[in-house]
Amino acid sequence: MKITHIRNATLLVEYEGKTFLIDPMLAEKGTYPPFSNSIRQDQNNPFVNLPISVEEIIADVDAVIVTHLHLDHFDDAAKQALPNDIKMFVQNEEDAAVVKEAGFKNVEVLTQNTVFEGVELIKTKGEHGRGEILKRTGLVCGVVFKHKSEKTLYVAGDTVWYAAVEEEINTHQPDVIVVNGGDNQFLEGGSLVMGKEDIYEVYKAAPKATIISVHMEAVNHWTLSREELKGFIKEKDMTSHVFVPDDGEVYIFKQKRLRHNKIIPM
């Protein structure tokens, strides 16, 4: 398994010989206005450029997984760049209809027993915040990857820590967990994705797993920096299990070992 953190929640996952692009936000730096009712209203999204070109990102992709349709997970640049016949996985029929309207012809709704080219893709639960804010943020999902020759990977998606996430961990016993950990927020309503205490709960639930925190410092409503999270990881003695990649950083999992390096930006 090879995981490349592109930017924000965008990942390339090479798994059992197949390449999956997850939550593609592919626009150039500063393309979109800031999300309203949140901090940093003086800077457009995304905050940073992609570490490699769009052409390189999509060149070898076999399938795309869109956990939900918010702009920072599936944007206009991705809709324009991706071939309209590429395999697209979405969370429900409502999202499938929108993706088909955008011109994509090969769209499938994830279930708990989806299989793509021999790889199990299991839709997992998530909640994009807590309480009343869920009426605004809407439905989201994550996905578990399984194959007999690979470690089990759980991409949690845009969710906070809550009972269902713990249930997914207990059920699937993932070796690798990717969390969206920027503690993004509007001016009211609380966390929309995991903050540092949520990540600590993930660690306690899966103390032997490797945890990778992404969705950081790329769009205007983030509140948890990489630096702060790294300090918290050190404070809680999680440094051998929890990683905070820069954009373009690569993790390779093979024979119970982890290697990582950075892509050199073009």
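The values are calculated or read from the model by the stated rules, or taken from the named source; none is laboratory data. Remember, predicted model here, so these are calculated numbers, not experimental data. Methodologically, a virtual Cβ is constructed for each residue, glycine included, from the backbone with ideal geometry; neighbour enumeration extends over all protein chains shown. In case anyone asks, the SASA skips ligands and DNA or RNA and just uses the protein heavy atoms, side chains included. Shrake-Rupley method; radii C 1.70, N 1.55, O 1.52, S 1.80 Å.
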Gain in span if fully extended, Leu139 to Ala164, counting 0.36 nm per residue against the direct Cα distance:
7.6 nm
Give me the accessible area of Thr114, 1.4 Å probe, in Å² rounded to the nearest 10.
10 Å²
For the range 109-248, calculate the relative contact order in percent as a whole number, restricting contacts to Cα pairs under 8 Å that are 6 or more residues apart.
18 percent
Top mean-square fluctuation among Lys29, Lys105, Lys148, Gaussian network model of the chain, C-alpha springs under 10 Å?
Lys148
Loop-resident GluC sites (Glu not before Pro) in the range 101-207 with no more than 13 other Cβ atoms inside 10 Å, DSSP not H/G/I/E/B, are Glu117, Glu188
What label, among (1) 54, 44, 34; (2) 67, 56, 32; (3) 48, 47, 40, belongs to Cα extents along the principal axes in Å computed from the structure on display?
(3)
Please list, in order along the range 16-32, the HN-Hα scalar couplings obtained from phi with the Karplus expression 6.51 cos²θ - 1.76 cosθ + 1.60 (θ = phi - 60°), rounded to whole Hz, x for Gly and Pro.
6, x, 10, 10, 10, 9, 10, 6, x, 10, 10, 5, 5, 3, x, 6, 10
Any idea of the accessible area per residue across the chain, 1.4 Å probe, to the nearest Å²?
44 Å²
Structure shown: which of Lys208/Lys230; Lys18/Lys204; Lys135/Lys208; Lys135/Lys234 lie over 25 Å apart, alpha-carbon to alpha-carbon?
Lys18/Lys204; Lys135/Lys208; Lys135/Lys234
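How many percent of the accessible area of the chain is carbon or sulfur, using a 1.4 Å probe?
46 percent
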Two-site label geometry, Ile86 and Val115: point separation in nm, points 7 Å out along Cα→Cβ:
2.5 nm
Sorted by chain and then number, the residues having a modelled amide H within less than 5 Å of the amide H of Lys87, at least 5 places away or on another chain, are Val64
Counting other Cβ atoms within 10 Å of each Cβ, which GluC sites (Glu not before Pro) in the range 1-67 have at most 13 and sit in a DSSP loop?
Glu28
Listed residues Arg136, Arg40, Arg226, most fluctuating in the chain (Gaussian network, C-alpha, under 10 Å)
Arg136
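If you average the sequence gap of Cα pairs under 8 Å that are 6 or more apart and divide by the length of the chain, what percent do you get for the contact order?
Details: 619 pairs, mean separation 51.8, N = 266.
Across the chain, relative contact order equals 19 percent.
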Sequence-distant residues sharing a close amide H with Thr19 (under 5 Å, placed H):
Asp62, Ala63
For Thr210, Thr10, Thr239, what's the largest-to-smallest order of accessible area, 1.4 Å probe?
Thr239, Thr210, Thr10
Give the long-range amide H neighbours of Ser191: residues separated by 5 or more places, or on another chain, with amide H under 5 Å away, using H modelled in the peptide plane at 1.01 Å from N.
none
Give the whole-number value, in cubic angstrom per residue, of the convex hull volume spanned by the C-alpha atoms of the range 185-254.
94 Å³
How many angstrom separate the Cα center of the range 163-221 from the Cα center of the range 93-123?
24 Å
Computed ³J(HN,Hα) along the range 135-147: with the Karplus parameters 6.51/-1.76/1.60, θ = phi - 60°, integer Hz and x for glycine or proline, the list is 5, 8, 7, x, 7, 9, 8, x, 8, 9, 9, 9, 7
Only Cα pairs within less than 10 Å get springs; with that Gaussian network setup on the chain, which residue of Val165, Val61, Val98 has the largest fluctuation?
Val98
